[in-house]
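One structure is given here, and the rest of the page talks about it.
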Amino acid sequence: MAVTVPGQMVNTAILKRLLRSFTAATGMGVTIFGVNSNPIIGIEDYAYHCHFCQLVNSVAEGAARCRETHRRACRAANQGLLDPYIFFCHAGLVHWAAPIKHQNEILGTMVCGQAVMWELDDQAVKEIFSRVADLGLPTLELQAAIKKLRVLPARQVQEAAELLKRLAARAVDVGPKMLRRQDQEEPFSGLALWDWLVQLAPW
């Protein structure tokens, strides 16, 4: 399977390995949505969702709410309302999105996040739980998953959003150079990935 980028075809298997390597290096999961706001790489292909989001997406209503959240986020990011676009999902988790552009043409949107910006005390756990309580998910498992959500202070969220913006801005130019390694099955690693991340780092 491949996705179209002007002048070339990008094999999604290579793209998945690149995203896995990025996640391994930064601890942040990234997914890419197409121009129709549907994921190019979904949960069945790439372990983007944290356990809490996996639970929410395991029921039809929860998955529908997540799709609507991502649809709105992709539209807002691609309209340039905020760059990068930081938003909260229906469950109260913080995410950030950045458009992928080629000569001002929108090719897709990168989305990252699934974190909270405050310490997960009892009140915070109750607040998040209340937002998805009507989905009928197992209470104890859901509460345990909430307590394992990643906590990112506001400053780190902003820095992570800037990193995603730079990643998206260079994806068309830098990505194909790394994607040419289509004969290799192992994740990208070593100096190639490290040099790439250093160039993108916001610090």
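Taking Ala98 as the residue in question, decide whether it is within 24 Å of Arg155 (Cα to Cα), in contact with a Pro (Cβ under 7 Å, 6 or more places away or on another chain), surrounded by 20 or more Cβ atoms within 10 Å (Cβ to Cβ) and at pLDDT 80 or above.
On the way: within 24 Å of Arg155 (Cα to Cα): yes; in contact with a Pro (Cβ under 7 Å, 6 or more places away or on another chain): yes; surrounded by 20 or more Cβ atoms within 10 Å (Cβ to Cβ): yes; at pLDDT 80 or above: yes.
Answer is yes for this residue.
As an exercise: evaluate Asn78 against (1) surrounded by fewer than 19 Cβ atoms within 10 Å (Cβ to Cβ); (2) of a type outside the set (Ser, Thr, Tyr); (3) closer than 15 Å to Phe33 by Cα and give the number of the one condition it does not meet.
In the conditions (1) surrounded by fewer than 19 Cβ atoms within 10 Å (Cβ to Cβ); (2) of a type outside the set (Ser, Thr, Tyr); (3) closer than 15 Å to Phe33 by Cα, Asn78 misses (1) alone.
Quick test for you: out of Thr31, Thr69, pick the one residue that is of a type in the set (S, T, N, Q) and either over 21 Å from Ala154 (Cα atoms) or at pLDDT below 90 (or both).
Values: Thr69 fails: either over 21 Å from Ala154 (Cα atoms) or at pLDDT below 90 (or both).
Result: Thr31 is the single residue among Thr31, Thr69 that is of a type in the set (S, T, N, Q) and either over 21 Å from Ala154 (Cα atoms) or at pLDDT below 90 (or both).
The values are calculated or read from the model by the stated rules, or taken from the named source; none is laboratory data. A quick note: this is a predicted structure, and the numbers were derived from the prediction, not measured. No Cβ is skipped: glycine too gets one built from the backbone with ideal geometry, and neighbour counts run over all protein chains shown.
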